[in-house]
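Derivation of every value follows stated rules applied to the coordinates shown; laboratory data play no part. Quantities reported herein were computed from a predicted structural model and do not represent experimental measurements. Neighbour counts are summed over all protein chains in view; Cβ atoms, including those assigned to glycine, are modelled from backbone coordinates with ideal geometry.
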């Protein structure tokens, strides 16, 4: 049984109540153009989609972003940062912290109205105070419009990539949208999703009949997979990248592009493996020009403190979902990546 106890404001109302300044909108347009140049091959920089597994508290995320902004200046000629501000989280069995959109304060009860306001406020602060337009995961396709004027990157997760509404919503976006391979590892599912998102559609969305023109910047994210025995297996090795390149060629998709997720099943959730995985993929890029043209960057889970904690432990800047690299290891990873480019 569903209990409809409160009708939430539509995205237009939230945007009007919490508008983006003209200067911030211009900043987003500038960053979007730079990011598009990377995904279309006009720029040879790599993107680094980096940040906490989940954005659990505003003050810690803003502290992380302020450090990241300083580091960006050191590597800006080679690496373009797109910080992760992931405000809604899929859960494997439906339990656990579902993100800031559900609980602005993880220690308190769910409040989705307060959550919608809090996630818009956080993404807006990232642009206006630090200059970053960020990435978020599209767990709920109908919620995308609350942040559509703020985001520079959207990820569709391994459990959502086969969903028709995610694919069609992505076809109406004008920013890079990454489709993760499903947890089964079936790359055909991911490529069907990319094909769908790059195509135009007419469908029902938020009570409207909408038409989309297709998203040429939709692309693949390799995140590893789980076999029938529940064992995590990687798909970032040289042979995996060659296979992905061949499938892109066969399907004749626009702007072949891959982001390698260095955590999740690729690392068997061993977060300290992320620097090694990144280095191995960069070695593949140096060895094969086709792979280098295809690989546009990486996803890295990183926060202020190493590891993770339980909700309520209160360590500032430590993940309450999956474990992340702490700041010192993050800085080392970024500088080493720049040296290898």
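How much length is gained on full extension from residue 92 to residue 310, taking 0.36 nm per residue of separation minus their Cα-Cα distance?
This chain segment gains 76.8 nm when fully extended.
Cα gyration tensor of the stretch 201-296, axes a ≥ b ≥ c as square roots of the eigenvalues: rounded (a/c below 1.5), prolate (a/b > b/c) or oblate? Don't skip to the end; give the middle numbers.
On the way: a/c = 2.40, a/b = 1.49, b/c = 1.61.
It comes out oblate by the Cα gyration axes.
Structural descriptor for the chain: relative contact order 16 percent, calculated from alpha carbon pairs under 8 angstrom and at least 6 residues apart.
Run through the DSSP bridge list for the chain and note the antiparallel percent, rounded to the nearest 5. Display every interim value, and only then the final one.
Details: 8 of 38 bridges.
Of those bridges, close to 20 percent are antiparallel.
Between residue 229 and residue 74, the modelled labels are 4.2 nm apart [label points 7 Å from Cα along Cα→Cβ]. Using a Gaussian network model of the chain with C-alpha springs under 10 Å, which one of 228, 76, 329 is most mobile by mean-square fluctuation? It is 228.
Spin-label model, residue 8/residue 206: points 7 Å from Cα along the beta carbon direction are separated by 1.1 nm. Need one word for the stretch 283-328: rounded, prolate or oblate. Basis is the Cα gyration tensor (sqrt eigenvalues a ≥ b ≥ c); a/c below 1.5 gives rounded, then a/b vs b/c decides. It is prolate, given that a/c is not under 1.5 and a/b is the larger ratio. If you run the Gaussian network model on the chain, springs between alpha carbon atoms under 10 Å, then out of 196, 265, 109 the most flexible one is 109. When the Cα gyration tensor is reduced to axis lengths a ≥ b ≥ c, the ratio a/c stays below 1.5 for the chain, which is therefore classed as rounded. Each principal axis of the stretch 252-341 carries a Cα extent, and these read 49, 29, 20 Å when sorted largest first. The spacing between the stretch 253-277 and the stretch 1-79, judged by their C-alpha centroids, is 20 Å.
Would you mind telling me which residue in 289, 197, 25 has the biggest mean-square fluctuation in a Gaussian network model of the chain, where springs connect alpha carbons within a distance under 10 angstrom? The residue with the greatest mean-square fluctuation here is 289. Computed over the stretch 63-110, the convex hull of the alpha-carbon atoms projects to a mean area of 4.6 nm². Computed packing ranks the peptides 67-73, 331-337 as 331-337, 67-73, most packed first, by mean other Cβ atoms within 10 Å. Shown for 295, 210, 130: other C-beta atoms within 10 Å of each C-beta, ranked fewest to most, produce the order 210, 130, 295.
Taking the alpha carbon gyration tensor of the stretch 41-151, multiplying each eigenvalue by 5 and rooting it gives semi-axes of 26, 15, 13 Å, largest first.
When a footprinting reagent is the concern and you count Cβ atoms within 10 Å, what order do 1, 100 take, fewest first?
On the way: 1 2, 100 27.
Ranking 1, 100 by Cβ neighbours within 10 Å, fewest first, gives 1, 100.
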